[in-house]
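Worksheet: the structure to be examined is printed underneath.
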Amino acid sequence: MISAPAPSRHAPPDPSAARLLERIDALARVSEQADGLTRVYLSSQHAEANRLVGGWMAEAGMAVRVDAAGNLVGRREGVRPGLPCLMLGSHLDSVRNAGRYDGMLGVLTAIECVEALGERALPFAIEVVGFGDEEGVRFQATMLGSRALAGTFDPTLLDLRDAGGTTLREAMAAFGLDPSALAGAARRREDVLAYVEYHIEQGPVLEAEGLPVGVVTAINGQQRFRVQLDGMAGHSGTVPMRLRQDALVAAAECVLAAERIAGAVPDAVATVGQLAPSPGATNVIPGRAVFSLDVRSPRDADRTQVAAAILDECRAIAARRKIGIEVVQTHELASCACAPWLQDQLSAAIAADGHRVVALPSGAGHDAMAMVALADVAMLFLRCREGISHHPAESITAEDAATGMRVLQSFIEHFEPRR
Ligand code: GLV
Ligand code: MN
Ligand code: MN
């Protein structure tokens, strides 16, 4: 008699990842605009995303809540209630005109993995978090959700204003949160065994290696600034070139200085992604220009030195052009090392799925950078097409999505807390 094959001990219910990809598409439709994805912190789309993803968490058997910072938290108990948890997750907010995998892939894959566990009791709880803010698009300071959960949220940030003048405090209240209760989002160290984030690579390394997944070693540190240049507005037809104090032209010089200075330091990067001249009329010399500056490096000393050099040069440019300058640092996060013991367990899961293990640093920022204040962290990266990210063309294959899901599943099932 031929006996039926023994059921695989940990068979995922959806090996094709078809449902995962359908859910990612459905979540991508929760957007400010009809023809693309933009979802910012504490917006009505954020609330709708929490409802949609919270429903999937509940279907997967998790107890679901929204914490005091607007993060969505699903919890699956272990062999008995109240055990410390393995925390998985990523963010549900996006940049403007975003791709659909950045952040969302990690949250939705973790939910699939939890559902795949079925009734099996583990010696630890699992929590899946959909952070409300990682990108920092609305208030310029990033990772407001993960910082609140990690207990490092600085309450003075509540005075930050979005482009429309709404403070973070007001936005929280409008979302139905109590800003004075924000500290309640913070979790206790003893309740979190580790934080593990699964994310698209957002770069070209895995594709070049011909590998679907990789283990992150460390995440680059980052700093952001708002620079305001004040010159003199005037008539574009009457003021001779030599008598102008054009704030936008000064800003243009600053942008070039950022490119030159960062370009001279290995692995450092600097970006001006926002530049707003005002009053913004064809026939008016820009009297004011406000721009953002984002500086990163794997080495914190290089990053701070590059940022200081760029800002010194901006001040010199402003002085030479008789233009006022005001610089505000809106954000700083140190580089973050991923815990070797967690990297080892992720590597074992990758090898068990039949892949060569490659370790790589992350140039992009991630919630793990904030979570490291609470727990040891690690990250699993998934290959994305041509490394394109923060762009609607962000893309992954169904086969890779299934691989990433299997690897994360295997990591969870074999997870051993640090002794
Ligand atoms: C987030 O994606 C960042 O790296 O800015
Ligand atoms: Mn991003
Ligand atoms: Mn991200």
Q: Take every Cα-Cα distance within region 221-333, group them into 10 Å bins from 0 onward, and report for each bin the whole-number percent of pairs it holds.
A: 15, 45, 27, 11, 2
Q) Measuring from centroid to centroid over Cα atoms, what is the spacing of region 115-185 and region 231-279 in Å? A) 34
Q. Just from its helices, what would the mean residue ellipticity at 222 nm be for the chain, if runs of 4 or more DSSP H residues each count -39500 (n - 2.57) and the sum is divided by every residue, rounded to the nearest 500 deg cm²/dmol?
A. -10000 deg cm²/dmol
Q) Dipole magnitude of the chain about its Cα centre, charges +1 at Lys/Arg Cβ and -1 at Asp/Glu Cβ only, in debye to the nearest 20? A) 740
Q. ³J(HN,Hα) across region 400-413 via Karplus (A = 6.51, B = -1.76, C = 1.60, θ = phi - 60°), whole Hz, x for Gly/Pro?
A. 5, 4, 5, 5, x, 5, 4, 5, 5, 4, 5, 4, 4, 5
Q. Against the longest principal axis of the chain, how steep is helix 18-28, in degrees 0 to 90 to the nearest 10, with axes from Cα atoms?
A. 30
**Q.** Residue-wise HN-Hα coupling along region 145-151, computed from phi with Karplus coefficients 6.51, -1.76, 1.60 (Hz; x: Gly, Pro)
**A.** x, 5, 5, 5, 5, 7, x
**Q.** Amide H within-cut-off set for V192, under 5 Å, with H built and near neighbours excluded
**A.** C85
**Q.** 1.4 Å probe accessible area per residue over the chain, in Å²
**A.** 42
**Q.** Relative contact order of region 221-333, pairs being alpha-carbon contacts under 8 Å that are 6 or more residues apart, as %
**A.** 45
Q.
Under 5 Å between amide hydrogens, which residues at least 5 positions from A68 or on another chain qualify, with H placed 1.01 Å from N in the peptide plane?
A. A185
Q.
Let's test the formula: R0 of 30 Å, r as the Cβ-Cβ distance of R29 and A173. What FRET efficiency results, to the nearest 0.05?
A. 0.65
Q: Any chance you could list the semi-axes, whole Å, largest first, of the equivalent ellipsoid that the Cα gyration tensor gives for the chain, using √(5λ)?
A: 42, 23, 20
**Q.** Within region 87-129: backbone nitrogen closer than 18 Å to the E22 label point (7 Å, Cα to C-beta)
**A.** 105, 108-116
Q: Label region 88-187 by shape, choosing from rounded, prolate and oblate, from the square roots a ≥ b ≥ c of the eigenvalues of the Cα gyration tensor; if a/c is under 1.5 it is rounded, and otherwise prolate applies when a/b is larger than b/c, oblate when it is not.
A: oblate
Q | Built amide H within the under 5 Å cut-off of Q274, gap 5+ | A | S292
**Q.** Per-residue HN-Hα couplings for region 281-297 [Karplus 6.51, -1.76, 1.60; θ = phi - 60°; Hz; x = Gly/Pro]
**A.** 10, 4, 9, 10, 5, x, x, 9, 9, 10, 9, 9, 9, 10, 10, 9, 6
Q: Roll a 1.4 angstrom probe over the protein heavy atoms and tell me the percent of accessible area of region 221-333 that is carbon or sulfur.
A: 56
Q. In degrees between 0 and 90, to the nearest 10, how far off the longest principal axis of the chain does helix 104-117 point, with axes built from Cα atoms?
A. 10
Q) What is region 40-84 by shape, rounded, prolate or oblate, if you read a ≥ b ≥ c off the alpha carbon gyration tensor as root eigenvalues and call it rounded for a/c under 1.5, prolate for a/b larger than b/c, and oblate otherwise? A) oblate
(Q) With both bridge residues required to lie in the chain, what share of the DSSP beta bridges run antiparallel, to the nearest 5%? (A) 70
**Q.** Percent carbon-and-sulfur accessible area, region 35-100, ignoring ligands, DNA and RNA, probe 1.4 Å
**A.** 51
Q | Solvent-accessible area, 1.4 Å probe, carbon plus sulfur percent, for region 123-208 | A | 52
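The values are calculated or read from the model by the stated rules, or taken from the named source; none is laboratory data. Quick caveat, the model's predicted, so the values are computed rather than measured. When we count neighbours, we look across all protein chains shown, and the Cβ atoms used for this are built from the backbone with ideal geometry, even at glycine. Heavy atoms of the whole protein, side chains included, go into the accessibility calculation; ligands, DNA and RNA do not. Shrake-Rupley method; radii C 1.70, N 1.55, O 1.52, S 1.80 Å.
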